[in-house]
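Peer 1: Below: one structure in structure tokens.
The values are calculated or read from the model by the stated rules, or taken from the named source; none is laboratory data. This one's a predicted model, so the numbers in the text were calculated from it and none came from an experiment. Here the Cβ positions follow ideal geometry from the backbone for every residue, glycine too, while neighbour counts run over all protein chains shown. Note: areas computed on protein heavy atoms with side chains; ligands, DNA, RNA excluded. Shrake-Rupley method; radii C 1.70, N 1.55, O 1.52, S 1.80 Å.
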Amino acid sequence: MSLLLLSTALAASAEPTLKYQIEPTSTGPDAVTVSVETKALGTFHALPARTLANDTQPALFCVTANGSQSAIEYQTPIQCDHVTWQLPLAAIGQDGFDIAKQIDSYEPTKGWSFVSEFNSLPRFSTHNDEPVPAQVCSPDNQCGWMPDADQPPLFVVWGLKPVDLDINGKTIKVTTDTEQILKTMDDWKPALDSQLNYLISLFPDSTVNQWDIAFFSRDKQVGSVSGAAGSDKILINAILNNGQLEDDEMPMLLKIAAHESMHLLNTTMPLWASESIAEYYANKSLDKTPYDFASPQTQWHDFKQSFPFASTGLLEANNLVSKKQQYQYYPLFYVKGPAFWQAIDQSLMDKGESLDSRLPTLTYNKDGSLSEASIAELTKVIGKKKWDELAKLYL
Ligand SMILES: [Zn+2]
């Protein structure tokens with residue numbers, strides 16, 4: 001009796017959490033319903049979903065015990081036992097899934113579906129606009145926590161069977177809608193294994209323990225392929241040429257997988273550093289595999305011949321992109337940035353050290369530049385002359 005009372009009291013004092021259940025609709029695969037039990041919240045209000053390309057928000061309804069529905073206004077206090085809303089899913093065409101747009105979609109022939117948090121998953125709050133922690137569960141009952149609003153978005157994918165990789169105590173689930181990726185898994189899995197092992201070893205204190213890597217076909221002719229890092233899931237386009245996955249696409253695929261994994265492992269950095277370190281280490285992670293790439297220095301040497309903003313320093317580019325949305329400078333983070341880190345790494349290796357062990361200790365100033373402390377640590381090894389030379393060339 002006393003035990004029972006105690007456990008009831010504990011349960012009552014614990015902060016409520018919500019469960020969003022995504023369910024198929026009876027009308028077909030082009031829509032899903034999301035429902036949330038909100039009774040335990042008492043009075044609450046709905047906060048708009050984070051948005052990407054536009055400001056669209058789902059229309060929310062309160063469902064009463066007798067089944068009648070009434071519309072819920074965002075940001076307006078309400079009491080309601082059960083909230084529900086519908087999300088339309090766009091049919092994915094022959095070109096395959098365009099990851100960059102992150103539009104809620106379904107694949108009519110392969111049977112999988114995708115929902116992104118953007119424009120689709122509002123949060124609920126009882127006070128101060130502080131969202132109540134929530135889990136989002138797919139129709140096949142895979143659940144993920146709604147990330148903090150300053151973290152990468154939640155992606156939900158269902159209808160694909162995952163293959164588990166156990167790497168250094170971390171579980172990586174690989175899913176794909178591309179048969180040839182599954183079929184050739186024995187060829188590329190050892191490389192991905194070794195890459196992720198290496199990247200995970202760089203961040204011994206990372207609390208990220210599990211993530212999914214999902215590969216989706218995309219036709220080569222459309223010319224746009226991408227990858228995206230969500231809160232617990234990486235999405236990568238697999239390029240098909242006339243329906244065929246070509247051998248020479250595999251290095252790119254593995255590089256993107258490593259690049260996006262770096263974003264999950266290493267989260268607090270200014271944009272230029274985040275992108276350039278992810279890209280440098282994605283490249284470096286392939287060194288010990290049969291899939292290696294041209295070195296960042298070589299790539300930069302070729303790229304700068306024709307890129308119109310090649311002379312812009314990385315810090316100025318960081319400023320132009322993050323403060324003024326001048327995305328034409330963004331490619332510098334992927335090419336000039338990795339060349340910078342390779343030069344730093346090489347200089348450290350010339351002195352018997354490496355960037356690897358220093359990576360988690362690098363800190364940055366508010367303006368995005370490396371902190372004086374980090375620069376001092378680097379110059380101690382490579383010398384001030386070398387640092388000044390590289391800073392002048394790249395930063
Ligand atoms: Zn990136």
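Peer 1: Enumerate the lysines that K323 could reach by cross-link, defined here as Cα to Cα under 29 Å, with residues fewer than 8 away along the same chain left out.
Peer 2: K101, K233, K255, K304, K336, K366, K392
Peer 1: Given a cut-off of under 8 Å on Cα pairs at least six residues apart, what relative contact order in percent is computed for segment 13-152?
Peer 2: Values: 278 pairs, mean separation 43.1, N = 140.
For segment 13-152, the relative contact order is 31 percent.
Peer 1: If you build a Gaussian network model of the chain, linking Cα atoms that sit under 10 Å apart, which residue out of P152, P290, P48 swings the most?
Peer 2: Sorting by GNM fluctuation, first place goes to P290.
Peer 1: Turning to a different aspect of this structure: Defining a contact as two alpha carbons under 8 Å apart and six or more residues distant in sequence, what relative contact order in percent does segment 296-394 show?
Peer 2: Numbers: 73 pairs, mean separation 27.3, N = 99.
Relative contact order here is 28 percent.
Peer 1: So if we plug the beta-carbon distance of H127 and Q326 into 1/(1 + (r/R0)^6) with R0 = 51 Å, what FRET efficiency do we get, rounded to 0.05? Show your work: numbers first, answer last.
Peer 2: On the way: r = 39 Å, r/R0 = 0.77.
Given R0 = 51 Å and the Cβ-Cβ separation, E is 0.85.
Peer 1: Test of understanding: what is the full-extension gain from K351 to D367, defined as 0.36 nm times their sequence separation minus their Cα-Cα distance? Walk me through the intermediate numbers first.
Peer 2: Values: separation 16, 0.36 × 16 = 5.76 nm, distance 2.98 nm.
Using 0.36 nm per residue and subtracting the Cα-Cα distance, I get 2.8 nm.
Peer 1: Let me check the size of segment 163-267 from its C-alpha atoms; what are the radius of gyration and Dmax in Å?
Peer 2: 13.4, 44
Peer 1: First measure r as the distance between the Cβ atoms of K101 and N241, then evaluate 1/(1 + (r/R0)^6) with R0 = 22 Å and state the FRET efficiency to the nearest 0.05. Each step should come with its number before you reach the end.
Peer 2: Values: r = 22 Å, r/R0 = 0.99.
Efficiency, from the Cβ-Cβ distance: 0.50.
Peer 1: What percent does the relative contact order of the chain come to when contacts are Cα pairs within less than 8 Å and at least six residues apart? The partial results should precede the final answer.
Peer 2: Working: 690 pairs, mean separation 43.7, N = 395.
Contact order relative to length: 11 percent.
Peer 1: Starting with the highest mean, order 49-57, 332-340 by the number of other Cβ atoms within 10 Å, averaged over the residues of each peptide.
Peer 2: Values: 49-57: 13.8, 332-340: 25.0.
Sorting 49-57, 332-340 by mean packing, highest first, produces 332-340, 49-57.
Peer 1: For the chain, give the share of DSSP beta bridges that are antiparallel, in percent and rounded to the nearest 5; count only bridges with both residues there. Please list the in-between numbers first.
Peer 2: Numbers: 46 of 67 bridges.
Antiparallel bridges make up about 70 percent of those DSSP assigns within the chain.
Peer 1: With the radius of gyration and the Kirkwood radius both derived from the Cα set of the chain, what is their ratio Rg to Rh?
Peer 2: Details: Rg = 23.5 Å, Rh = 23.3 Å.
That ratio is 1.01, to two decimals.
Peer 1: Report, in debye and to the nearest 20, how large the dipole of the chain comes out about its Cα centre when Lys and Arg carry +1 and Asp and Glu carry -1 on their Cβ. Display every interim value, and only then the final one.
Peer 2: Numbers: 29 positive and 48 negative charges, 155 e Å.
That gives a dipole near 740 debye.
Peer 1: Can you list the residues, at least 5 places off or on another chain, whose amide H is less than 5 Å from the amide H of K173, using H built in the peptide plane?
Peer 2: Here L165, W211, D212, I213 satisfy the definition.
Peer 1: Just T268, T27, T298 to compare: in a GNM of the chain, with alpha carbon springs under 10 Å, which one fluctuates most?
Peer 2: Answer for the Gaussian network model of the chain: T27.
Peer 1: Sticking with this one: Considering only segment 163-267, what is the antiparallel percent among its DSSP beta bridges, to the nearest 5? Walk me through the numbers on the way to the answer.
Peer 2: On the way: 10 of 24 bridges.
Antiparallel bridges: around 40 percent, rounded to the nearest 5.
Peer 1: Give the residue list of GluC sites (Glu not before Pro) in segment 12-118 that are DSSP loop and have at most 12 other beta-carbon atoms within 10 angstrom. All intermediate terms of the calculation are to be shown ahead of the outcome.
Peer 2: Values: sites: E37, E73, E117; in loops: E73, E117.
Counting only loop positions with at most 12 other Cβ atoms within 10 Å, the GluC sites (Glu not before Pro) in segment 12-118 are E73.
Peer 1: Can I ask one more? About its Cα centre, how strong a charge dipole does segment 163-267 have in debye, to the nearest 20, once Lys and Arg get +1 and Asp and Glu get -1 at the Cβ?
Peer 2: Working: 8 positive and 16 negative charges, 48 e Å.
The dipole magnitude comes to about 240 debye.
Peer 1: May I ask you to list the residues of segment 179-221 whose amide nitrogen lies under 15 Å from a point 7 Å from Cα along the Cα→beta-carbon direction of T171?
Peer 2: 208-213
Peer 1: Rg (Å, one decimal) plus Dmax (Å, integer) for the alpha carbons of segment 21-168?
Peer 2: Reported Rg and Dmax, both Å: 16.0, 51.
Peer 1: Summing -39500 (n - 2.57) over the DSSP H runs of n ≥ 4 in the chain and dividing by its residue number, what mean residue ellipticity at 222 nm do you reach, to the nearest 500 deg cm²/dmol? Spell out each step's value before the answer.
Peer 2: Working: 10 runs with 130 residues, N = 395.
After summing the helix terms and dividing by residue count, I get -10500 deg cm²/dmol.
Peer 1: To continue, here is another question. For N66 and S35 in the same chain, what is the full-extension length gain: residue separation times 0.36 nm, less their Cα-Cα distance, in nm? Display every interim value, and only then the final one.
Peer 2: On the way: separation 31, 0.36 × 31 = 11.16 nm, distance 1.60 nm.
So the extension gain works out to 9.6 nm.
Peer 1: Can you work out the base-10 log of I(q)/I(0) for segment 296-394 at q = 0.15, 0.18, 0.24 1/Å, using the Debye formula on its C-alpha atoms alone?
Peer 2: Taking Cα atoms of segment 296-394 as identical point scatterers yields -0.64, -0.90, -1.35.
Peer 1: Something else now. What accessible area per residue comes out for the chain, rounded to a whole number of Å², with a 1.4 Å probe? Please list the in-between numbers first.
Peer 2: Working: 19380 Å² over 395 residues.
Computed with neighbouring chains in place, this is 49 Å² per residue.
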